[in-house]
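Contents: one structure, followed by commentary.
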């Protein structure tokens with residue numbers, strides 16, 4: 001009788017250990033996926049960091065600052081003259097006026113009129 005109780009207790013303890021061990025394995029398996037995702041995020045952030053560092057070097061350069069000041073802010077060095085061309089002079093003439101009507105428009109005109 002005592003042997004059966006000890007054997008039953010041992011079997012119950014073994015089952016509990018197996019269940020606990022399997023739960024830990026499943027949890028560990030899930031964490032490896034999380035770890036892979038985090039590693040991918042780290043790689044993406046490192047690439048973004050490299051891009052931002054190169055952009056920072058470019059922006060910190062005095063030639064870039066001068067270029068932005070000239071082109072976007074309309075500034076000039078002493079002795080230079082800023083020439084502003086009106087937008088109306090920059091736009092090309094209307095292309096639609098010089099082109100003949102499309103073939104389907106010509107046919108439509110013949111049948112509709």
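The values are calculated or read from the model by the stated rules, or taken from the named source; none is laboratory data. All values reported here derive from a predicted model rather than from experimental measurement. Methodologically, a virtual Cβ is constructed for each residue, glycine included, from the backbone with ideal geometry; neighbour enumeration extends over all protein chains shown.
Some values worked out for this structure:
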| quantity | calculated |
| --- | --- |
| Any hit, segment 43-55, residues being at pLDDT 90 or above, assigned to a helix (DSSP H, G or I) and closer than 30 Å to residue 82 by Cα | yes |
| Test: residue in segment 71-90 that is over 26 Å from the mean Cα position of the chain (by Cα) and surrounded by 10 or more Cβ atoms within 10 Å (Cβ to Cβ) | yes |
| Cβ-Cβ under 6 Å pairs, at least 6 apart or on other chains, segment 64-85 side more than 21 Å from residue 54 (Cα to Cα), far side surrounded by 10 or more Cβ atoms within 10 Å (Cβ to Cβ) | 75/69; 82/76 |
